[in-house]
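Colleague: Here it is, the structure in full.
The values are calculated or read from the model by the stated rules, or taken from the named source; none is laboratory data. Keep in mind that this is a model prediction, so the values were computed, not measured. Here Cβ is always computed from backbone atoms with ideal geometry, including for glycine, and neighbour counts include all displayed protein chains.
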Amino acid sequence: MSAAASSGRPREARDIFGFWRRSYAMLLKEFIQLRRDRVSFAMIVMIPVMQLLLFGYAINTTPRHLPSAVLLQEDSDLGRSILKAMENTSYFRFTREVHSVEEFDYLLQSGKVLFGVEIPRGFERAVRRGDKPALLVAADATDPVAAGSALGALGTLVQTALAHDLHAGDPPNMPFEIRTHARYNPAASSRLNIVPGLVGTILTMTMLIFTALSVTREIERGTMESLLSMPIKPVEVMFGKIVPYVLVGFIQATLIIGIGVLLFGVPILGSVLMLAALSTLFITTNLSIGYTFSTIVQNQLQAMQLSMMFFLPSILLSGFMFPFAGMPVWAQYLGEGLPLTHYIRIVRAIMLKGATISNLQYDTIALIALMLLAMTIAVTRFRRTLD
Amino acid sequence: MNSASPSASDIAIDVEGLTKSFGGRTVVQNLSMQVKRGSIYGFLGPNGSGKTTTIRMLCGLLTPDSGTGTCLGYDIRRDADKIKLRVGYMTQRFSLYQDLSVRENLEFVARLYGIPNPREAARDMVNRLGLSGREEQLAGELSGGWKQRLALGACTLPSPQLLLLDEPTAGVDPKARRDFWNEIHALAAEGLTVLVSTHYMDEAERCHEIAYIAYGNLLAHGTVEEVIANSSLSTWNVTGDLNGLAAELTGKPGIDMVAPFGTSLHVSGRDRAALEASIAPYRAQARWHWQQSEPSLEDVFIDLMSRSRDNFQ
């Protein structure tokens, strides 16, 4: 060092502007570092924008145009105008017409429709005779929010629907009655809906982070260099890193479901074995996705950020917080790409509806496909050299 | 080594024209070298000269942009997997798992290489390293010298034919360094080839052959004696009242280097006649005692370094 000129000598730490000068130096340094950290910078913009757009456009707590099935036992003008009136409430959208009770139940159980309307044989004649027959509307009430407002709209339906066909009298003199049947969660307890959903949400969060940090941790600690110089293949590294956490995830799932059953009284109507098997599949899918993240990012902070980026839409678009059927189509397509969407359907169906594997084929295959996709990306992305 | 051709069997490393650049900056340029089997080959050069990059290319951790070569008879581009099985690489920074114990680290390595009895192999290595009693200690809690021994143990565990050691003794005390070099010589005596990079001149002198690399170029190679003889450097040793002399001599024609060594000063230059002309007035004075001496390896390297900077920067 050359002799310091008087202006270049460090000042006494006591001087009056010292606090501001040092704070400013620190602040400047942080800004420079922030600017260099591209991913963090992107997150600053992406997270709020994404959250806002998702909340603003995709989330709808009074969902409309919900998929419904109709079991038409007779083809009558009255039946058709009732269905038309239901669609006019904008809550129902008839997507399926079935011809047997089994098919009707299957659609509800597998979650393909949220409502089923049965127009019984001889309905129109019974109305004309003044027998006050009953029209059955069965609702999948696992999600009380989705079912609630639609069922509420049925109350005034009779008068408005029949204005053209019949002279509807006062409520006591209604020509027929609508009998609603809230299936799977008759008490409309939101706890029954939320606890199974939480299983998936908690597992997504924890599993993702476990493996998202795994490769970057090796790189940051310098152990990757040694690992790569040894004869091990990318697939072997991946399996070695995923398998231990499958066990961790399984313990976690058992714990959450156990608490749900014992403390919150959520039933498991379906097969416990199938629940365990599909939960393991879901855990592995999430671990694979987390592992894929860790082969993409540069450091552990980015790994955490990417996990958050994935976790956020998972919560909003999977049907966990808000009814899936109420989202616009584009958001539903996005949701289909998230493992949580499929797992939430699976776990609700098994626990609350007693669904069997035949009800859940589609969601199971979707989970397997997402898992294989993630693993393929991870293995191809894994850098075998330090280039 | 069935697949190696007979002519290559006494050459462990044979590379030609290796070039590697990162983001437009050439780190290794047209580097060719040959290392004989069973020899200890010292790899010297300033920081950032491309030593680590070269070592990484040799063991398949980096792909060269151009150039060809073999390591133990295997192509460094195509046969990285075969090379990895037979080469032990000790990284510059400790790269075993800090949160695993000594035993667990060694067993991990043994299992990766498919050694039949990993527990036994790890136990034998612990004994060989003199780490008995510390098997269950976490690697991260070991001192620098012990970490380095453990790292050497881990890369010799799978009985490699070639060891690549990247500055293995950086930050290690002299006693541990000496023990380390005794171990290296013992391994070489067993037929292992060792390529070791270092900054220390005394370590360079322990090698059978050395190579000097700066700014990605191999500038000199051979035995220590050959490298010094080929340097064509003349050196004078000055003692006496050295106050201010160094500053006075620096920059005079023919004087390329002035370096203090304790109570004496090394004055060196490549142009013997110009150097002698410049120091003649000082030699006439009784304040100093001038003596012609052999340039040290350090003199030679510093000279190579400053020359290469002129050429390549």
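Colleague: Across segment A:200-237, which residue is surrounded by the most Cβ atoms within 10 Å (Cβ to Cβ) among those that are within 10 Å of chain B (Cβ to nearest Cβ) and of a type in the set (Val, Ile, Thr)?
Modeller: A:Thr223
Colleague: Among the listed residues A:Ala150, A:Ala139, identify the single one that is among the small types (Gly, Ala, Ser), in contact with a Phe, Trp or Tyr (Cβ under 7 Å, 6 or more places away or on another chain), part of a helix (DSSP H, G or I) and closer than 22 Å to A:Ala188 by Cα.
Modeller: Only one candidate qualifies: A:Ala150.
Colleague: Quick check on A:Met321: is it part of a helix (DSSP H, G or I) and assigned by TED's automatic domain parsing to the domain that holds A:Leu367?
Modeller: When the stated conditions are applied, A:Met321 does not pass them.
Colleague: In segment A:242-260, what residues are surrounded by 15 or more Cβ atoms within 10 Å (Cβ to Cβ) and over 16 Å from A:Leu278 (Cα atoms)?
Modeller: A:Ile242, A:Gly260
Colleague: Related question: Which pairs have Cβ atoms under 7 Å, sit 6 or more apart or on different chains, and link a residue in segment B:44-62 that is on the phi < 0 side of the Ramachandran plot to one that is aromatic (Phe, Trp, Tyr) and part of a loop (DSSP other than H, G, I, E, B)?
Modeller: From segment B:44-62, the pairs are B:Ser49/B:Tyr215.
Listed here are the residues, each with its yes/no results for (1) modelled with pLDDT of 90 or more; (2) crowded, with 18+ Cβ neighbours inside 10 Å; (3) under 21 Å from A:Thr254 (Cα atoms).
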site	(1), (2), (3)
A:Pro328	no, no, no
A:Val347	yes, yes, yes
A:Ala355	no, yes, yes
A:Leu367	yes, yes, yes
A:Leu372	yes, no, no
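Colleague: Oh, and also: Take the conditions within 11 Å of chain A (Cβ to nearest Cβ) and either of a type outside the set (Phe, Trp, Tyr) or surrounded by 22 or more Cβ atoms within 10 Å (Cβ to Cβ) (or both) and apply them to B:Leu72. Does it pass?
Modeller: No, not satisfied.
Colleague: Taking segment A:92-119 only, how many residues are touching a Leu at 6+ places or on another chain (Cβ under 9 Å) and part of a helix (DSSP H, G or I)?
Modeller: 4
Every residue, every condition in (1) surrounded by 21 or more Cβ atoms within 10 Å (Cβ to Cβ); (2) more than 25 Å from B:Leu61 (Cβ to Cβ); (3) in contact (Cβ under 8 Å) with a residue 12 or more places away in the chain, yes or no:
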site: B:Val172; (1), (2), (3): no, no, yes
site: B:Ala176; (1), (2), (3): no, yes, yes
site: B:His185; (1), (2), (3): no, yes, yes
site: B:Thr198; (1), (2), (3): yes, no, yes
site: B:Asp202; (1), (2), (3): no, yes, no
site: B:Ala211; (1), (2), (3): yes, no, yes
site: B:Asn217; (1), (2), (3): no, no, yes
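Colleague: Being of a type outside the set (A, V, I, L, M) and surrounded by fewer than 20 Cβ atoms within 10 Å (Cβ to Cβ) is the filter here, so list the residues in segment B:219-230 that pass it.
Modeller: Hits for segment B:219-230 are B:Gly222, B:Thr223, B:Glu225, B:Glu226, B:Asn230.
Colleague: Just to be sure, is B:Thr19 part of a strand (DSSP E or B) and more than 14 Å from every other protein chain (Cβ to nearest Cβ)?
Modeller: Spelling it out, it is not the case that B:Thr19 is part of a strand (DSSP E or B) and more than 14 Å from every other protein chain (Cβ to nearest Cβ).
Colleague: How about segment B:214-313: which helices (runs of 4 or more DSSP H) wholly inside it have at least 2 residues that are among the β-branched types (Val, Ile, Thr)?
Modeller: Of the helices (runs of 4 or more DSSP H) lying wholly inside segment B:214-313, those with at least 2 residues that are among the β-branched types (Val, Ile, Thr) span B:224-229, B:297-312.
Colleague: Among the residues of segment B:81-104, which ones are crowded, with 23+ Cβ neighbours inside 10 Å and either at positive phi or more than 8 Å from chain A (Cβ to nearest Cβ) (or both)?
Modeller: B:Ile83, B:Gly88, B:Met90, B:Val102
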